[in-house]
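S.K.: Handing you a structure now.
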Amino acid sequence: MLCPDAALTENSPQAKSYPEPGNRNFVDLWLLGALVTLAAVLRCLFLTRKSFWFDEGVSVQIARLDWYNFVRILWRREGNMSLYYLLLRGWLHLGHSEAFIRSISVIASVAAIPAIYWLGRRLFDSRTGLLAATLLTLNAYHVRYAQEARSYSLFVFLAILSCIYFLRSLETPSRPNRLGHILTSALAVYAHFFAFLLIIAQWISLRFVEPRLIPSELSKWSRHWKTIGLLGLPALLFAGTTGVGPLNWIKRPGIKMLYEYYEHMAGNAGALLLLAYAAACSAILTPLGRRLFRRDASWATWRCQFLLLWLLFPVVFTLVVSIARPMFVARYFIFCLPAFILRASAGLVRIPRVWLLAPALIVFAALSLKGTLSYYDHDFDLDRDDWRSASYYVLNQARPGDVVIFHIAMGRMPYEFYKSVYTGRGPEPTVIYPARGDRIDYRDFMGKPSQEFLQSVPAHYDRVWVVLKNNQTKTGDVDSTTLVLSRLLGTNYATRQDTSFPGIEVRFYGERRAAIANQATSAGER
C-alpha cells in the first residue's frame, strides 16, 4: 500500500485500510510495546544529568505563581505554551524534583510513539507505522526535548493527534472525529502558537485533493475551521497585542541555520544521517513526478502532498516572514518532525528486497542511536546555561546580610528553583532585584535594574552578588545595563570577584570603600 501506487480502493477518503491478519496485528502490538519500553528507557536515561537552563527555570516559576499572577503573566508576556504551564501547575502538587518536573515531557514523548504508528498505518500501512515508531524512538531530537521542562514534547504529541483526527474526519466524517480534530488542534495551539501553521497546512492540503473524493459533508467544512479559529482566538489576540514581545532576541535566519535545523531533526549524527533521510524521502516523491504538484490529485497522491505541506509550509512561511521580522527558531518547528520521519519511513518501505532493506534499517538505527548517545554527553542545539552550579555556588558562598541582583529579572527564576531544592544550611542571600514584595509576582519576570536603583545599592549593603545572563547585544557588545552596573559597583566596592559558569557570570562585590561606608553609617544614625 505505497503512496504513489495505491490500489483503486484506496482512492477514496472513506476507504479504510484493510484489516491486517490476526497474527500480523499480534506481532505489531508486541513490537510496538517493545518500542514504547525502549522509548521510555532512552528518555529517562540521564534525565537529571544536565541542569535546568534558563527557560526551564522560568517554566517552573510561572507554574508556581498564585492564580492572579499566573493569569497576568500569561496574558502580558508568556501566553505561548499556556497549556503546558497549566498542566505543570497541577503536576507540581505531586512532586518538585528535577526528574519529576521533566517527567511530564517524558510521558508526552513516549505517548507519541504509538501515535505516530497509528498515523503511519492510516496514511500507508502497518509496516510504515512500525518503522516510523522505530525512527522516532531513536531520534535524538525527540529524546532531547523529552528531557526538558518545556512544551515541545507535548506539542509534537498533539500535532500527531490533530493529524490523526484530520484524516479520520476525511475518512469517516462523524461528529466524534470532527470534535476530536477541533479539540486536538486547539490544544496544540495552546501548547505552542506555531501549531496554527500546521492547521493552515491541513486546510491548504484539502485544496489539492480531487473534489469528488471529499465527502459531501466536508465540502461545507467552513464551520469546522471557524470553530478552531474561535477557540484559538485568545492566542491570536495575544500575538496581535504583544507583537514579537519576548521574540525580539531572534536573529535573522540564514542557510547555515536552516541546514543545522534539518541536521538536528534527522537525529544529531551529522551529514551522513541527514543524507540518508533525504534519500529515503526522495524515494517516495520521485515516482510521483509532476503529479506531486497537481491539484485534484488522487487520494493516494494527496497523502504525499499532505506530508510535504506539513514538513515544508511552516518553515517556508516563517522564513518569508523573517525577512521583515525574524521569527525562525529551530525548536519551534519540532512539530514537523513526525512528517519528516513518516516520509522517510514510507520511502524505506519501498525498498523491494529484504537484503537491501535490512542494511538500510541498520544504518538508520545505528546512526540515530549514535546521535542520542552523543546528546547525553552534550547538547547539540543550544548552549545550555548551568543554573544548578551557579545557584549552588552563590548559596554556598553567601554570608549573613548578603544580597543578590539579577541583571535580567527572569534570571531570578531558575535560581529560585534551585534555592527551593538546596540542601545546605548556610544563610540565603536576599534578592533585592527583582523584588516587589515577599512573594514573586508577574512583574518580577520583566525588566532590568535601573541606574537609580544601582546607585542606591552601595549605601545600604556591604556584600553584593550580581548574576549576569544574556548581557550582550545582537552585535556581541556588552549591554548598557552591564556597563552601568560595572561602573557604579566597581567605583564603590574595593573587591570584585568574577566566577564563570556555562552561559552565566557571577560577580561578587565586597568591602565598601570608606566614604560610602561612613555615609551609610551616618544615614543610619540620623
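The values are calculated or read from the model by the stated rules, or taken from the named source; none is laboratory data. All figures in this text were calculated on a predicted structure; none of them were measured in a lab. Every residue, glycine as well, gets a Cβ built from its backbone with ideal geometry; the counts of neighbours run over all protein chains shown. Just the protein is used for accessible areas: all its heavy atoms, side chains included, with ligands, DNA and RNA removed. Shrake-Rupley method; radii C 1.70, N 1.55, O 1.52, S 1.80 Å.
S.K.: Being closer than 14 Å to F46 by Cβ, of a type in the set (S, T, Y) and over 19 Å from the mean Cα position of the chain (by Cα) is the filter here; which residues of the stretch 373-400 pass it?
M.R.: Listed by number, the list holds a single entry, S374.
S.K.: Picking from A63, A34, which residue would you name as being open to solvent by less than 70 Å² (accessible area, probe 1.4 Å) and free of Cβ contacts under 8 Å to residues at least 24 places away in the same chain?
M.R.: A34
S.K.: Tell me which residues, restricted to the stretch 416-440, are closer than 23 Å to V484 by Cα and buried (at least 20 other Cβ atoms within 10 Å of the Cβ).
M.R.: Once the filter is applied, which keeps residues that are closer than 23 Å to V484 by Cα and buried (at least 20 other Cβ atoms within 10 Å of the Cβ), the stretch 416-440 yields P429, Y433, P434.
S.K.: Condition first: open to solvent by less than 70 Å² (accessible area, probe 1.4 Å) and of a type in the set (D, E, K, R). Now tell me which residues in the stretch 441-485 satisfy that.
M.R.: Across the stretch 441-485, the qualifying residues are D441, D444, R463, K469, D479.
S.K.: Is one or more of the residues making up the stretch 239-246 modelled with pLDDT of 90 or more, assigned to a loop (DSSP other than H, G, I, E, B) and either within 30 Å of V349 (Cα to Cα) or not aliphatic (A, V, I, L, M) (or both)?
M.R.: Taking every residue of the stretch 239-246 in turn, none turns out to be modelled with pLDDT of 90 or more, assigned to a loop (DSSP other than H, G, I, E, B) and either within 30 Å of V349 (Cα to Cα) or not aliphatic (A, V, I, L, M) (or both).
Yes or no, residue by residue, for (1) touching a helix residue (DSSP H, G or I) at 6+ places or on another chain (Cβ under 6 Å); (2) open to solvent by less than 10 Å² (accessible area, probe 1.4 Å); (3) assigned to a loop (DSSP other than H, G, I, E, B):
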| position | (1), (2), (3) |
| --- | --- |
| H93 | no, no, yes |
| A99 | no, no, no |
| I107 | no, no, no |
| R121 | yes, no, no |
| R127 | yes, no, no |
| Y141 | yes, yes, no |
| R178 | yes, no, no |
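S.K.: Same structure, new question: Which is more than 23 Å from T318 (Cβ to Cβ), open to solvent by less than 40 Å² (accessible area, probe 1.4 Å), within 28 Å of the chain's Cα centre (by Cα) and modelled with pLDDT of 90 or more, of I164, I199, I228, I160?
M.R.: I164
S.K.: Follow-up question, since we're still on this one. Among the residues of the stretch 362-400, what is the count of those that are small (G, A, S), open to solvent by less than 30 Å² (accessible area, probe 1.4 Å) and either without any contact (Cβ under 8 Å) to a residue 12 or more places away in the chain or in a helix (DSSP H, G or I) (or both)?
M.R.: Total meeting the criteria: 4.
S.K.: What pairs come out if I take residues in the stretch 179-194 that are under 22 Å from E78 (Cα atoms) and pair them with residues that are not charged (D, E, K, R) and not in a helix (DSSP H, G or I) whose C-beta lies under 7 Å away, six or more apart or interchain?
M.R.: Listed pairs, sorted by first residue: A186/G232; V189/G232; A191/M81; A191/S151; H192/N80; H192/M81; H192/S151; F193/N80.
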